[in-house]
Amino acid sequence: MNLLKTVSSALVLSFLASSLLAADAKKKKGDGKPKRSDPAGAAINENKATPVERIKVAKDFKVELLYSVPAAEQGSWVNLCTDGKGRIIASDQYGSLYRFVAPAPGQPLDPKSIEKIPAAIRAANGLLWFNNSLYVAVNDYANEIPSGMYRISSSKGDDTLDKVELLRAMEARGDHGVHALLPAPDGKNLFLITGNGTKRTAFSSSRVPTVWGEDHLLPRMPDGRGFMRDVLGPGGIIYRMSPDGKNFEIHAVGFRNIFDGAVNHDGELFTYDADMEYDFNTSWYRPTRICLATSGAEFGWRNGAGKRPEWYPDSLGPVLNIGPGSPTGMTFGYGAKFPAKYQEALFALDWSWGKLYAVHLRPEGSGYTATKEEFLYGAPLPLTDAIINPKDGAMYFAIGGRKVQSGLYRVTYTGTESTAPAQPKTDSTALKARTLRHQLEALHGHADAKAVGTAWRYLGDPDRFIRWAARTAIEWQPVATWADQALKEKDAAMQLEALLALARVTGIDPQHRKPTDAPVDRAMGAKILGALEKLNWKKLTNEQRIALVRTYEICFVRFGQPDTADRTRILAQLDEHFPTEAFPLNWVLCETLSFLQSPTLAAKGMAAIKNAPGQEEQMEYARSLRTLKAGWTTALRTEQFHWFLKASNYRGGASFEKFIEFIRTDAEASLSDAEKIALKDVLAQKPVKKSPLEALAEALAGRTMVKEWTLDELASAAEKGGLKNRSFANGRKMFGAVGCFACHRFSNEGGMTGPDLSTAGARYSPRDFLDQIIFPSKVINEQFVPVVLTKLDGTTVTGIIVNLNNDTVQVNTDLTDPNQREGVDRKQVKSIETSKVSPMPEGLLNMLQKEEVLDLVAYVLSGGDAKNAMFSKK
């Protein structure tokens, strides 16, 4: 049986359900009566905040809507804090500040009890009560007052907040500006959270070495729609500042758009960074993520396609990848009258997807690992901030922002578990590792005669955060005191970290060169290359091989092209190893070999594109090959440009098509005149647009119906040792073959319209996992099930609510296209209810042989083991 006939029915009914239902709704009229079988059918067209019937919360917790904010009088609330008397202060994103006492249990907030704070200030994005004053981070879109840091106090020493002091004016633009304030662990200073739209302010010190660069080996690809294309690294910054605003110290950099932060009992700072939705389904897309913002950290945000993957040695990775969204507030559950699990949780809010996550942290080495739980969610529920009120131990959260209908809610625990204050658990091994890291971090930001001797031994530490702290300490020391040691170091792991440091501090990225900079020391660059060339590839782990190749890249960027002899030696060292089974290693090898104009790369690169299971990996190889001029034949060039015709049917974020266009334009520019003549007909071909069903069927061309697998057949095979010694490489291939990458992420690849499967092994047994695949509508993950919006005129729109702006609800009605949107006026919506049909199709496993199914299951359930296998020595 042909594949298209096998799965077309399921695909039409489920994979494309949202788009078909939406299209059908435009043609049909209903009776205008919302179904009441689901409480989610509550109306939302009134000028009130989202009703609690639309909100799901963890078991034994209760949500109360305390107050629907009148937009005309009090705007849309985006930030909360408590003052010294436990009263709540709220800020309108574009207007004033308000203060009130939390109402008694079970009671709404009396509008008459709300006090408008008289201080002449507006557009507060961050609030903190500190030293008997209200500190305010202003991000004023209208520029009516300067954005920056303010302190508000009482001019008469009473309870009236009327005195406003501008402590530090800052330049900011749009939603990516000046954001949150929180107390530093020392209790004396503050942390200031800023997005990448904030111009770097004057700073008196930095814990991050100020040698940042773009470090793009191949020509820069700015955002396809031009968003922030003029903004260079280091992106969003976390500052440590004195309460008077005079001293600013850079603490950590490389963020996209962090809105808030939180400090745990260990004194560690966490933040929740934004993704770039325009990058959906590209190799450089980075999901929203929880980051441990250690001293001197760099998280690698760069404009456009330049974002550093988390496995780059010159960029730290997250504690936890969350997924698509718009991060807003954060708070630990300390002081809440919740069970211990939630008292210790880090709560992180997502504005666009309406989710309040409980992030459960676990110490690992000197850092942490984490899992996430959807503690509370709703649609629409544009969450902005949450606090724990020390007076009553309840959680209070706000929805609002961008002039949407705002509201204030309270969350309390109603179950039987103890809510007594939880005692922080001490992990002696983790404490020892953190203490060591803190000792190394004490060497950041200044020269210290003992720093090199203290830090050097930790350059090869298996703990990534300790390695980072050690290298950062060394980068702050005079180069003359450690350069020779770096060049002669015998331990490969330590030398790789040392040579990376040496390349960073002695080379200069041309895009960051200042007129006052001295000429680049090319002799030093040659010495670093010589040391790298001597490293034995076979004795390195894959993680170390990535570090080797990435350090080469930084040398080429900062010192310029290698000479002919170095180029020949480096090609001899690297060329034979591409491709490997590990995509991260292939990533850096492919772009480096392209830069070096490897004569063998064209053939191997096109084969890698053909064998890559997902569009992200294909796109990454195509991006590297766009500048390659060596080694092409007419047949290979034809393959290259036929791939662009195929890629025209790939889907992604708002900039996706422009990025494909950029890659093709550069590829055409690399053609010789003779090649342009030979490829004239190929270059003139226009892409044929295909439906998602047709594109999927084409991708699986040649596969036919194997059998209609039953759950018992496959689960029995998996449970009887069938998952041992499986092929992860083939499992990954099958993950792409049956379209899993289209909707699901795994190990930082794939789509966003289905659950992230990276930690599926911690949630599912083999039988449960197979059950989810074979019967996708049996239990639907409510975070990804479409909703049906019924309008007042009876028409319906089906899809996922992904964004809001004022009274417009943005709905993605085609889950195969993350950039597709349909705007719906919330005032015209009569009800919202969830769809009963999963967007995931049935029958996809029926095209696979049993061994292929088992490889796929083993690959997904491997979780962290798959990640370790990616970096293991092979």
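The values are calculated or read from the model by the stated rules, or taken from the named source; none is laboratory data. Keep in mind it's a predicted model, so treat the numbers as computed, not measured. Cβ: placed from backbone, ideal geometry, glycine included. Neighbour counts: every protein chain shown. What goes into the accessible areas is simple: the full protein's heavy atoms, side chains included, and nothing from ligands, DNA or RNA. Shrake-Rupley method; radii C 1.70, N 1.55, O 1.52, S 1.80 Å.
Separation of segment 513-533 and segment 197-241, taken as the distance between their Cα centroids, equals 22 angstrom. Each helix, a run of at least 4 DSSP H residues, gives -39500 (n - 2.57); summed and divided by the residues of the chain, these come to -8000 deg cm²/dmol at 222 nm. Whole Å is fine, so just give me how far the alpha carbon centre of segment 89-160 lies from that of segment 302-359. The distance from the Cα centre of segment 89-160 to that of segment 302-359 comes to 26 Å. For K680, a cut-off of 25 angstrom between C-alpha atoms picks up these lysines, skipping any fewer than 8 places away in its own chain: K604, K610, K629, K646, K658, K689, K690. Over all directions, the projected convex hull of the C-alpha atoms in segment 140-225 averages 9.2 nm² in area. Kirkwood analysis of segment 567-685, using all unique Cα-Cα pairs, places the hydrodynamic radius at 14.6 Å.
The orientation-averaged projection of the convex hull spanning the C-alpha atoms of segment 466-531 amounts to 4.9 square nanometres. Packing-based ranking of 494-504, 575-585 yields 494-504, 575-585, ordered from highest to lowest mean Cβ neighbour count within 10 Å. Remark: C-alpha extents of segment 347-421 on the principal axes read 43, 28, 20 Å, sorted largest to smallest. Over every Cα atom in segment 504-628, the radius of gyration and the widest Cα-Cα span, Dmax, amount to 15.2, 48 Å. Over 22 Å apart: what share of the alpha carbon pairs of segment 709-779 falls there, rounded to a whole percent? More than 22 Å apart: 19 percent of the Cα pairs in segment 709-779. Looking at segment 45-193, what % of the alpha carbon pairs are farther apart than 18 Å? That tail contains 61 percent of the Cα-Cα pairs. The alpha-carbon atoms of the chain define a convex hull whose volume equals 176 cubic angstrom per residue.
Note on segment 105-250: lysine pairs with Cα distance below 18 Å, sequence gap of 8 or more or different chains, count 4. Kirkwood hydrodynamic radius computed over segment 290-392 comes to 15.1 Å, based on all pairs of distinct alpha carbons.
Listed by chain and number, the lysines placed with their C-alpha closer than 24 angstrom to that of K836 are K26, K27, K28, K29, K33, K35, K56, K59, K355, K778, K791; residues fewer than eight positions away on the same chain are left out. DSSP beta bridges fully contained in the chain are about 95 percent antiparallel. One compactness figure for segment 434-508 is 0.98, namely its Cα radius of gyration divided by 2.2 N^0.38 Å.
For segment 99-167, the extents of the C-alpha atoms along the principal axes are 40, 30, 19 Å, listed from largest to smallest.
Taken along its principal axes, the alpha carbon cloud of segment 239-364 reaches lengths of 44, 38, 28 Å, longest axis first. The percentage of C-alpha pairs in segment 500-550 whose separation is greater than 16 Å is 50%. For segment 537-595, the Kirkwood estimate of the hydrodynamic radius, built from every pair of different alpha carbons, is 11.7 Å. Taken per residue, the accessible surface of segment 334-413 reaches 26 Å², heavy atoms only and a 1.4 Å probe.
Note on segment 67-151: with neighbouring protein chains present and a 1.4 Å probe, carbon and sulfur make up 51 percent of its accessible heavy-atom surface.
The spacing between segment 779-857 and segment 253-301, judged by their C-alpha centroids, is 27 Å. Restricting segment 335-417 to GluC sites (Glu not before Pro) that sit in a DSSP loop and have at most 14 other Cβ atoms within 10 Å of their own Cβ leaves E417. Among the lysines of segment 420-545, pairs at least eight places apart or on separate chains and with Cα atoms under 14 Å apart come to 4.
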